[in-house]
1. Tell me, yes or no, whether segment 219-234 has at least one residue that is crowded, with 18+ Cβ neighbours inside 10 Å, more than 22 Å from LYS284 (Cα to Cα) and assigned by TED's automatic domain parsing to the domain that holds VAL150.
2. Given the options LYS295, LYS269, LYS263, LYS284, name the one that is part of a helix (DSSP H, G or I) and basic (Lys, Arg).
3. Quick check on segment 199-212: of everything there that is closer than 20 Å to ILE146 by Cβ and crowded, with 17+ Cβ neighbours inside 10 Å, which residue is nearest to the chain's Cα centre (by Cα)?
4. Which helices (runs of 4 or more DSSP H) does segment 122-185 wholly contain that include 3 or more residues that are under 16 Å from the mean Cα position of the chain (by Cα), surrounded by 18 or more Cβ atoms within 10 Å (Cβ to Cβ) and among the hydrophobic types (A, V, I, L, M, F, W, C)?
5. Restricting attention to segment 70-104, report how many residues are touching a His at 6+ places or on another chain (Cβ under 9 Å) and either at pLDDT 85 or above or not assigned by TED's automatic domain parsing to the domain that holds ALA126 (or both).
6. Examine segment 245-254 for a residue that is in contact with a helix residue (DSSP H, G or I) (Cβ under 6 Å, 6 or more places away or on another chain), of a type outside the set (Phe, Trp, Tyr) and touching a residue at least 40 places away in the same chain (Cβ under 8 Å), and state whether such a residue exists.
7. Does VAL275 fit the bill of being buried (at least 18 other Cβ atoms within 10 Å of the Cβ), out of contact with any His (no Cβ under 9 Å at 6 or more places or on another chain) and not in a loop (DSSP other than H, G, I, E, B)?
8. Between residues in segment 203-231 that are under 21 Å from VAL178 (Cα atoms) and residues that are aromatic (Phe, Trp, Tyr), which pairs lie under 6 Å by C-beta distance while being six or more apart or on different chains?
Amino acid sequence: MKLEQILEEFEHQEKLDESGIRDIKKLRKKFDKAEIYFHIDTDGVTSALGMKSYLESYRFKVINAYPIQYGSQEYTAPKGRKRVMKILVDFAHGGVRFQIHQDHHEGQVGVEKGTSTSFKKKPSGAGIISGEISPKEIFPPRDLKIIDTVDSADFVSQGLEPDDIMRAAFGLDKSISVKDNHRMMGLVVNKLLLTYKNKKDFLQKLIMTANPSLISMYNVIKRLAKKEGYKPPEEIAADSEKYQEQIKGKFKEGGLSVVKDLKNGESTKVGNLLVQYGGGYMGKGNQYDRYTPFKLHPDVNYLTMAWPVGLVQLSQNPFKKLKSDLHLGNIV
């Protein structure tokens with residue numbers, strides 16, 4: 001081995017000694033392969049990509065990635081292979097199968113004693129992995145800014161409007177800066193990822209194929225969409241417009257007096273609160289987007305959505321500058 005190679009290897013190991021996963025070297029002696037479980041959203045996917053890169057720096061071979069979701073899907077996620085290290089990222093509920101658990105929420109539940117953990121409240125898990133756990137940056141800083149913005153819904157400080165977040169197609173706009181073009185591309189990655197997330201094996205293929213950058217993710221998403229025959233961005237945009245028109249036509253005057261009579265997709269205003277029952281028709285020709293109510297009613301401060309399955313969703317308008325220390329349950 002040449003002197004330069006020896007020095008490079010020494011520098012690599014020295015940097016790894018400073019990294020932030022407890023017992024990572026002990027785990028490497030026990031396992032040589034790893035599987036990553038990730039939350040089904042943009043931060044979950046980017047956290048998985050960041051963790052994959054981090055593990056590969058320790059010579060782990062990442063052999064698969066599995067989506068996991070709160071609720072019933074939490075218990076139906078694949079068990080994975082035996083004698084393979086299992087890592088959970090961007091998820092607040094732990095489990096006995098995981099050797100490493102990383103998350104950026106305030107509290108975690110069910111974390112097995114002895115698990116190597118990394119919990120820190122931050123805008124995104126990808127930011128923690130890339131900037132704190134890893135000895136060197138994994139995602140470019142401008143990518144992390146977009147990931148943080150999306151995961152924390154910090155749209156007001158960035159001057160973003162509903163159309164910016166709901167846009168499904170990206171094309172280079174010479175009238176704006178390279179930085180703004182990059183941001184628009186990153187927001188489209190978020191939109192397409194959420195649109196295609198339920199397609200069979202889409203998220204796994206994205207994580208196992210892409211590099212930790214939004215540009216790489218965008219190119220892989222485009223290739224997968226074309227290869228698998230997913231709905232193209234232009235069609236997504238058209239169907240989103242149809243969905244918005246549908247929901248707009250189901251608004252009811254009357255406020256509190258009509259709340260109990262609302263049917264699927266219908267909504268009404270009670271002061272600065274928008275109340276909606278169900279998402280309306282979301283079948284062929286209609287593309288649901290969670291920010292539709294705020295685009296149609298930019299004046300409201302809050303949204304409460306009652307889903308027919310028995311779930312009540314409470315949201316603060318992320319496109320308005322509002323106090324962040326309010327208890328949404330008390331408002332409703």
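The values are calculated or read from the model by the stated rules, or taken from the named source; none is laboratory data. Just so you know, these numbers come straight off a predicted model, no measurement behind them. Cβ sites come from the backbone with ideal geometry, for glycine too, and all protein chains shown count toward neighbours.
1. Checked segment 219-234: at least one residue is crowded, with 18+ Cβ neighbours inside 10 Å, more than 22 Å from LYS284 (Cα to Cα) and assigned by TED's automatic domain parsing to the domain that holds VAL150.
2. On the way: LYS269 fails: part of a helix (DSSP H, G or I); LYS263 fails: part of a helix (DSSP H, G or I); LYS284 fails: part of a helix (DSSP H, G or I).
Just one listed residue meets the conditions, LYS295.
3. Within segment 199-212, the match that is nearest to the chain's Cα centre (by Cα) is LEU203.
4. On the way: elements: 125-128, 141-152, 162-166.
In segment 122-185, the matching helices (runs of 4 or more DSSP H) lie at 141-152.
5. 3
6. Yes.
7. Details: buried (at least 18 other Cβ atoms within 10 Å of the Cβ): yes; out of contact with any His (no Cβ under 9 Å at 6 or more places or on another chain): yes; not in a loop (DSSP other than H, G, I, E, B): yes.
Yes.
8. So the pair list comes out as PRO212/PHE139.
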